Amino acid sequence: MQSSHNQVELKIKKSSKGQIFFADDFAKFGSPENIRKVLSRLEKEGLLERLTHGIYLVPKKDELLGVLYPTTEEIAVEIAKRDKARIAPTGVLALYQLGLSTQIPLKAVYLTDGAQRTITIGNRSIQFKKTTPRNLSIKDHLLMLIVQALKEIGQHKINQSHLGKLKPFVLQLDPEVLKSQTKFAPVWVQKIISKLRN
């Protein structure tokens, strides 16, 4: 137990503040039960903070704000990395990330080719929805956000204000990315992107 504790503690102390860990990251240091006890003890000592079942944070503190928690996106990206899965933000989340909505979604929904599940973290939740590989064919993060945002607004509800806000993002896209990846978007989305480029 002591050896597991020391090894886990050393790994955490060597890591950077704000880093996210999964219980699985310490599997080589002992049995799952053993590791759970060690993590629980380190949490009591203030070295770790448990975000939700099996997910921990090395707390980064600010004098005024207290513990700086990762965004749902940062947590989702870490989970996807661990699961070797692809994810894409959907709907309201895509609108928020592009500044088309000021509403911070408490429920972040991602399309994934990994396991389907919902993870609750405090008053927030991350939902991974299983989708077809085609829906994850767009590799470029910005292009994926633009496509998902347009799909959320809907073909017949897009107005000049939306287009004005989207144009700077569309202009940032690499021509090669546009050429190779836009074809995976619905035809009406392709037409809008093409229009905004000119």
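Report, ordered by the first and then the second residue, all pairs with beta carbons closer than 9 Å, sequence separation of six or more or different chains, a first member in the stretch 85-98 that is under 16 Å from ALA185 (Cα atoms), and a second member that is basic (Lys, Arg).
Every condition considered, the pairs that remain are THR90/LYS129; THR90/LYS151; GLY91/LYS151; ALA94/LYS151.
Within the stretch 10-54, which residues are over 23 Å from ASN123 (Cα atoms) and basic (Lys, Arg)?
Across the stretch 10-54, the qualifying residues are LYS11, LYS13, LYS14, LYS28, ARG36, LYS37, ARG41.
Give the residues of the stretch 71-104 that are of a type in the set (A, V, I, L, M) and in contact with a strand residue (DSSP E or B) (Cβ under 8 Å, 6 or more places away or on another chain), sorted by residue number.
Within the stretch 71-104, ILE75, ALA76, VAL77, ILE79, ALA80, ALA85, ILE87, ALA88, VAL92, LEU93 qualify.
For the list (1) closer than 24 Å to LEU173 by Cα; (2) in contact (Cβ under 8 Å) with a residue 60 or more places away in the chain, I need the number of the one condition that THR52 fails.
Among (1) closer than 24 Å to LEU173 by Cα; (2) in contact (Cβ under 8 Å) with a residue 60 or more places away in the chain, THR52 violates only (1).
Only one of these conditions is not met by ARG134: (1) more than 26 Å from LYS195 (Cα to Cα); (2) touching a residue at least 40 places away in the same chain (Cβ under 8 Å); (3) among the basic types (Lys, Arg). Which number is it?
(1)
With the condition being buried (at least 17 other Cβ atoms within 10 Å of the Cβ) and under 15 Å from the mean Cα position of the chain (by Cα), I'd like the helices (runs of 4 or more DSSP H) fully within the stretch 1-87 carrying at least 2 qualifying residues.
It comes to 72-83.
On the given criteria, is ILE55 assigned by TED's automatic domain parsing to the domain that holds ALA27 and not small (Gly, Ala, Ser)?
yes
Here is a check on your reading of the model: is LYS157 modelled with pLDDT under 95 and out of contact with any Leu (no Cβ under 8 Å at 6 or more places or on another chain)?
Considered against the rule, which asks whether it is modelled with pLDDT under 95 and out of contact with any Leu (no Cβ under 8 Å at 6 or more places or on another chain), LYS157 comes out as no.
Restricting the search to the stretch 160-181, which residues are in contact with a Leu (Cβ under 7 Å, 6 or more places away or on another chain) and polar (S, T, N, Q)?
Those that are in contact with a Leu (Cβ under 7 Å, 6 or more places away or on another chain) and polar (S, T, N, Q): GLN172, GLN181.
Please work out if LYS167 is among the charged types (D, E, K, R), assigned by TED's automatic domain parsing to the domain that holds GLY91 and modelled with pLDDT of 95 or more.
It is true that LYS167 is among the charged types (D, E, K, R), assigned by TED's automatic domain parsing to the domain that holds GLY91 and modelled with pLDDT of 95 or more.
Please give the helices (runs of 4 or more DSSP H) falling wholly within the stretch 88-198 in which 1 or more residues are among the β-branched types (Val, Ile, Thr) and crowded, with 17+ Cβ neighbours inside 10 Å.
Answer list for the stretch 88-198: 91-97, 141-153, 160-172, 187-197.
The values are calculated or read from the model by the stated rules, or taken from the named source; none is laboratory data. Quantities reported herein were computed from a predicted structural model and do not represent experimental measurements. Please note: Cβ atoms are built from the backbone with ideal geometry, for glycine as well, and neighbour counts cover all protein chains shown.
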